[in-house]
1. Taking region 162-194 as the search range and keeping residues that are within 23 Å of I8 (Cβ to Cβ) and free of Cβ contacts under 8 Å to residues at least 60 places away in the same chain, which one is surrounded by the fewest Cβ atoms within 10 Å (Cβ to Cβ)?
2. Here's a check for you: in region 53-70, which residue that is touching a residue at least 40 places away in the same chain (Cβ under 8 Å) and surrounded by fewer than 14 Cβ atoms within 10 Å (Cβ to Cβ) is farthest from D175 (Cα to Cα)?
3. Can you say whether T204 is under 30 Å from L111 (Cα atoms), at pLDDT 95 or above, of a type outside the set (G, A, S) and touching a helix residue (DSSP H, G or I) at 6+ places or on another chain (Cβ under 8 Å), as far as the supplied structure shows?
4. Just to be sure I understand, how many residues within region 98-119 are of a type in the set (D, E, K, R), under 25 Å from H11 (Cβ atoms) and in contact with a Lys or Arg (Cβ under 8 Å, 6 or more places away or on another chain)?
5. Hey, can you tell me all the residues within region 207-239 that are at pLDDT 95 or above, of a type outside the set (F, W, Y) and more than 13 Å from P9 (Cα to Cα)?
6. What are the pairs, 6+ residues apart or on separate chains, where a residue within region 130-155 that is under 30 Å from E93 (Cβ atoms) has its Cβ under 6 Å from a residue that is among the polar types (S, T, N, Q)?
7. Scan region 1-20 for residues that are at pLDDT 95 or above and either surrounded by fewer than 16 Cβ atoms within 10 Å (Cβ to Cβ) or part of a loop (DSSP other than H, G, I, E, B) (or both) and jot them down.
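The values are calculated or read from the model by the stated rules, or taken from the named source; none is laboratory data. Being a predicted model, the structure only gives us computed values, none of them experimental. Note that we place each Cβ from the backbone using ideal geometry, even for glycine, and neighbour counts take in every protein chain shown.
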Amino acid sequence: MEGVSLTIPRHVAIIMDGNGRWAAARGLPRAVGHREGIKAVRQSIEAAMDIGVKFLTLFAFSSENWQRPQSEIADLTGLLRQYLRSELNELHENGVRLKIIGERGRFGPNLAADLAAAEARTAGNEKLTLIMALSYGGRADIVAAARRAVASGLKPEEITEQNFCSWLATDGIPDPDLLIRTSGEERISNFLLWQTAYTELYFTDVLWPDFCAKDFSDAVLEFARRERRFGARPGAEPG
């Protein structure tokens with residue numbers, strides 16, 4: 001993409017899907033697929049920074065994932081701990097700010113404290129904001145935001161689309177311009193439901209452990225070809 005003038009998405013979100021199928025196709029345990037997926041996380045972060053993306057959100061653990069077998073949940077939470085230990089220094093050195101959205105308390109006090117410490121350590125970084133959605137669900141996010149809005153004392157008629165955003169988990173983060181989902185599935189699976197109202201969707205058959213920097217760039221190229229209308233007719237005057 002060097003030397004090519006493109007419309008770069010400010011915020012890219014990714015539903016990282018296909019770890020289990022990648023492992024099954026090779027006769028390996030699902031845990032191996034999850035571990036291999038870390039390579040795709042690294043490549044996506046590097047590609048985002050190289051291209052000039054400022055916000056990258058990764059759907060790492062959904063609220064529905066708690067329904068999986070306990071052994072797989074243990075593998076996923078253990079992998080999260082390992083990721084923080086092995087990657088945080090490099091993320092910090094490369095200017096990446098880490099932000100967590102979702103019910104982090106469900107991971108237990110120790111891991112929740114580690115996540116908070118990682119956020120605090122990287123809070124001043126500005127190259128890229130990496131948002132990790134952990135125990136996150138879009139519907140739960142909207143319900144929690146509604147409760148916070150009510151608790152703030154605002155009257156119902158005072159709540160608007162604009163100020164409602166301030167109670168969402170993504171307060172201060174622009175809505176995604178581009179949402180990528182790997183593995184061939186074509187749905188958003190309760191991810192950033194409010195925030196993706198006008199997001200461009202990109203689906204690829206590539207399984208997450210095989211997703212590389214070129215795949216990320218291909219998605220951005222496709223995004224650049226599209227005309228974003230935000231509900232308006234082509235050529236229509238704003239308003």
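1. The residue in question is G172.
2. Per the stated criteria, the residue is W66.
3. no
4. Matching residues across region 98-119 total 1.
5. If the condition is that a residue be at pLDDT 95 or above, of a type outside the set (F, W, Y) and more than 13 Å from P9 (Cα to Cα), then L207, P209, D210, C212, A213, K214, D215 are the ones that fit.
6. I131/T57; S135/S63
7. Those that are at pLDDT 95 or above and either surrounded by fewer than 16 Cβ atoms within 10 Å (Cβ to Cβ) or part of a loop (DSSP other than H, G, I, E, B) (or both): I8, P9, R10, M16, D17, G18.
Condition check ((1) of a type outside the set (D, E, K, R); (2) touching a strand residue (DSSP E or B) at 6+ places or on another chain (Cβ under 8 Å); (3) part of a helix (DSSP H, G or I); (4) closer than 26 Å to A145 by Cβ) across all residues:
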| residue | (1), (2), (3), (4) |
| --- | --- |
| M49 | yes, yes, yes, no |
| L58 | yes, yes, no, yes |
| A74 | yes, no, yes, no |
| R85 | no, no, yes, no |
